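Peer 1: The structure is given below, and queries will be raised subsequently.
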């Protein structure tokens, strides 16, 4: 017989809480939490700074880039100089300008494809968990199958039939195929909160299912959704760059991947123009790193046990 | 009742703090405690009062960010806080063993019961495989589990059986002290009772001392020799169980007792204790219970009471200041059993 | 057992989905691109082989889509995947099997190596929380895990092959040596595989280290680890048998999901190094609009991935007794 006055939760035997995403019941509160958590974590900060840097480049390329990226008027194959900080391509174009102009496409793909994939993940994952039964079974099976089939070869196959895939095709295909991982995670998270009290309270109040989903369930999963988005954006950046690199993007477009394509075609590395190949790669890597850092920071934020720990010499560390 | 009532455990001024995100939170504040051999001491308190932390601190099982920041734990005269790893390891399980709250979490899910018992045996004694097997069967029989379950995995046993298997494992070397952290919380009421009876019976049969942590006072009322009530990291009352139940001194203890009804008595209105425990990152200046205490006075909010000795019972409350002899908390006391 | 059977069922469902996708995609594309391809076969193939390709791509047939589908399935199961244009007149199956060993050797070995090494490093890093490994590794590997495979490949070619000249620039083997099991050839092949292997290893190991480290940290907070310490077991035993064996389980599940990245990386790395494996041939087929070969290789990739997943599931079943009892 337990004494009613003692509020008893199934106490964790270690004080450090096991993984729990920060819960809030109001959308605005959730956003504020997220922001606060981001600014305090060093990795997140680094990621945000990097991303902001690229965003600026993407929004104002004309003001920042010294030259017209397509103008083939300079000495081809020149090394770095005062006029061309990164040198020129084999066609006489300024590499730095190409790099800056190329930011826009990469950012757009990352955000758009990432956004589409996340939206689909939320739709499928939450619905599957909320609907349950056969609907859940079917949706989960579809999710697992898509999860397992390697996206890159599949996208290559699609792009092979439809030569020179433009921006729109890329975004749609990447978004339509990259939602499965997020859907799985969101589904399991929804399942675990489905029986919580505040949802019961909403149901008893007579709220419609859609309301419950939008305003009660989703806000608690904000951090998971954001983490999902970051992961999807990262995958979109890398996959798009890879596709363009092998020539399946639109070779006339301005992007880092196409720069790499042309560089490779002209044997940039061997012909003494290494920067042509290395610089766009650095940008892809940095943008990817920005998303990866923020994603990892989110892991740390939602699971305090993962945060950096200072080794103490006390009894705690003894076995 | 006891042939030789020697003191096997002495805790003096033990303090434990959690150091995370810069602000240290003192979860266990200057706790003293003694235990004689064969004695059953229950530690009672609500969630977050520090009782489990105290338990793990005594057993030297804290993990970062928790650490012992002061005091000593003398087990048979040796201060465990300052022992080296290998010295500690020689004490573990042979003389001091642990039973945890949920066997589902405390037993390794990928190993059979037999393998886990064998691990303990191999770590401390030079036993042959046959001897280990025999001893494992023996302890399982002690807790009324058919030894055929030796080769089962934890998830294949029922909740009650798992819990008893954990207790059996704790008794492999017939230690002098068994520390139990809410071992019955994960069970239903009927199983709880039967497990308690079994623990008590084993204790009397094998002669080990027990420190039993629980949030449920009524559970231990018939089994413990002494009872310690904790609140907000401090000891607020400590004495013979019967005395606490018949004449609870501290207002908190009284509140606890009044909160559950007697099955025989008249129907009374249930009284809870209003409010909630203090934030240990910023403990109140005076008595920690005063914000919730129905008998609080002005001075309670300002000055923290020391632990006072009232006729064999220790209580941390200013109400008893005149009636007591002020006991410096570092003075040793003989633990008494009824 | 039921666990493995269930996974086998999933294997078959996914394989079926991949085959069906192969069937549907050319038919869904505007202006069936296969028609142009067909012209290149005419006059060079015997009628039944031509017919098989027509069925696969939905050209010139008088069958309904549904019956074409079943003929297609039948052909696949009999191993009749068509004729390759790139390596005319090889059967697709022949070419696929020619490229397979190269990829298995390179990608298979490096993936397993990356998994094992990464898991070990992650385990030790988490065990010594706050130590050097634990403070340095996460930020470094978070960043490196975002690096594109092909860029690392390019960098390593530039550094080790061109600038330093230590290793060959491309290829799977020196074209002047004869293929065969001679020591010269094997040694040559190994030398050619060092850079691609290193690229794959360096890029993929980060993910394993990080996930294992995170898993270990969660597991180390579990009661059964504390219990193991309470029992006075040696730190070694606690780390391996209590913490490690439990922490690795989610990693094995994650293995399945990460294979997508491994495959994409493998394709790109083979491309950059001109390494004659499945990925390289796949891209050759794409460039030559050799759709039959492309589809055959695509199926091979799927089968390889599914087999790897099945293997990981089998290992999980062995390590985790709970999976054996629950259906």
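Peer 1: Considering only the range C:100-130, state which residues are within 14 Å of chain A (Cβ to nearest Cβ) and under 25 Å from residue C:196 (Cα atoms).
Peer 2: Listed by number, the residues that qualify are C:103, C:107, C:111, C:122.
Peer 1: Now, a different point. Which members of the range C:289-316 meet the condition of being over 17 Å from the mean Cα position of the chain (by Cα) and surrounded by fewer than 17 Cβ atoms within 10 Å (Cβ to Cβ)?
Peer 2: Once the filter is applied, which keeps residues that are over 17 Å from the mean Cα position of the chain (by Cα) and surrounded by fewer than 17 Cβ atoms within 10 Å (Cβ to Cβ), the range C:289-316 yields C:314, C:315.
Peer 1: Same structure again: Provide a single number: the residues in the range A:217-248 that are within 30 Å of residue A:191 (Cα to Cα) and either part of a loop (DSSP other than H, G, I, E, B) or away from chain C (no Cβ under 14 Å) (or both).
Peer 2: 11
Peer 1: Shifting gears a bit: Within the range C:277-288, is there a residue that is surrounded by fewer than 19 Cβ atoms within 10 Å (Cβ to Cβ) and more than 14 Å from every other protein chain (Cβ to nearest Cβ)?
Peer 2: No - not one qualifying residue is present in the range C:277-288.
Peer 1: Let me ask something additional. Residue by residue through the range B:109-122, note down the ones that are buried (at least 18 other Cβ atoms within 10 Å of the Cβ) and closer than 16 Å to residue B:97 by Cβ.
Peer 2: Answer for the range B:109-122, where residues must be buried (at least 18 other Cβ atoms within 10 Å of the Cβ) and closer than 16 Å to residue B:97 by Cβ: B:113, B:116, B:117, B:118, B:119, B:120, B:121.
Peer 1: Residue check: is residue C:263 crowded, with 20+ Cβ neighbours inside 10 Å, more than 28 Å from residue C:216 (Cβ to Cβ), within 11 Å of chain A (Cβ to nearest Cβ) and touching a helix residue (DSSP H, G or I) at 6+ places or on another chain (Cβ under 8 Å)?
Peer 2: No, not satisfied.
Peer 1: Follow-up. Output the residue which, of all residues in the range C:131-142 that are at the interface with chain A (Cβ under 7 Å from one of its Cβ atoms) and surrounded by fewer than 22 Cβ atoms within 10 Å (Cβ to Cβ), is nearest to residue C:280 (Cα to Cα).
Peer 2: Selected residue: C:139.
Peer 1: Something else now. List the number of the failed condition for residue B:161; all other conditions in (1) crowded, with 21+ Cβ neighbours inside 10 Å; (2) over 21 Å from the mean Cα position of the chain (by Cα); (3) at pLDDT 90 or above; (4) farther than 22 Å from residue B:209 by Cα hold.
Peer 2: (3)
Peer 1: Also: Take the residues in the range A:296-319 that are assigned to a helix (DSSP H, G or I) and more than 8 Å from every other protein chain (Cβ to nearest Cβ), then tell me which one is modelled with the highest pLDDT.
Peer 2: If we take residues in the range A:296-319 being assigned to a helix (DSSP H, G or I) and more than 8 Å from every other protein chain (Cβ to nearest Cβ), then A:297 is modelled with the highest pLDDT.
Peer 1: Every residue in the range B:133-146 that is more than 14 Å from chain C (Cβ to nearest Cβ) and surrounded by 17 or more Cβ atoms within 10 Å (Cβ to Cβ), please.
Peer 2: Passing the criteria: B:133, B:135, B:137, B:140, B:142, B:143, B:145.
Peer 1: Scan the range C:216-236 for residues that are more than 11 Å from residue B:108 (Cβ to Cβ), assigned to a helix (DSSP H, G or I) and within 7 Å of chain B (Cβ to nearest Cβ) and jot them down.
Peer 2: If the condition is that a residue be more than 11 Å from residue B:108 (Cβ to Cβ), assigned to a helix (DSSP H, G or I) and within 7 Å of chain B (Cβ to nearest Cβ), then C:226, C:229, C:230 are the ones that fit.
Peer 1: Another question, then. Do you know which residues across the range C:94-107 are closer than 13 Å to residue C:300 by Cβ and in contact with a helix residue (DSSP H, G or I) (Cβ under 7 Å, 6 or more places away or on another chain)?
Peer 2: If the condition is that a residue be closer than 13 Å to residue C:300 by Cβ and in contact with a helix residue (DSSP H, G or I) (Cβ under 7 Å, 6 or more places away or on another chain), then C:95, C:96, C:99, C:100, C:103, C:107 are the ones that fit.
Peer 1: Does the range B:183-195 hold any residues that are surrounded by fewer than 23 Cβ atoms within 10 Å (Cβ to Cβ) and in contact with a strand residue (DSSP E or B) (Cβ under 9 Å, 6 or more places away or on another chain), and which are they?
Peer 2: Listed by number, the list holds a single entry, B:185.
Peer 1: Out of all the residues in the range A:53-103, which are touching a strand residue (DSSP E or B) at 6+ places or on another chain (Cβ under 7 Å) and in a helix (DSSP H, G or I)?
Peer 2: The one that is touching a strand residue (DSSP E or B) at 6+ places or on another chain (Cβ under 7 Å) and in a helix (DSSP H, G or I): A:95.
Peer 1: Here's a follow-up. Considering each residue of the range B:117-129, count those that are touching a residue at least 12 places away in the same chain (Cβ under 8 Å), assigned to a helix (DSSP H, G or I) and more than 8 Å from chain C (Cβ to nearest Cβ), and give that number.
Peer 2: 3
Peer 1: Among helices (runs of 4 or more DSSP H) lying entirely in the range A:141-200, which contain 3 or more residues that are over 12 Å from residue A:125 (Cβ atoms) and touching a residue at least 60 places away in the same chain (Cβ under 8 Å)? Before the answer, list the steps.
Peer 2: Working: elements: A:151-161, A:167-177, A:180-193.
Those helices (runs of 4 or more DSSP H) span A:151-161, A:167-177.
Peer 1: Here is a further query. Of all residues in the range A:249-275, which are modelled with pLDDT under 80 and facing chain C (nearest Cβ under 8 Å)?
Peer 2: A:269, A:270, A:274
The values are calculated or read from the model by the stated rules, or taken from the named source; none is laboratory data. Everything numeric in this text was worked out from a predicted model, so none of it was measured. Glycine gets a Cβ as well: all are built from the backbone with ideal geometry, and neighbour counts include every protein chain shown.
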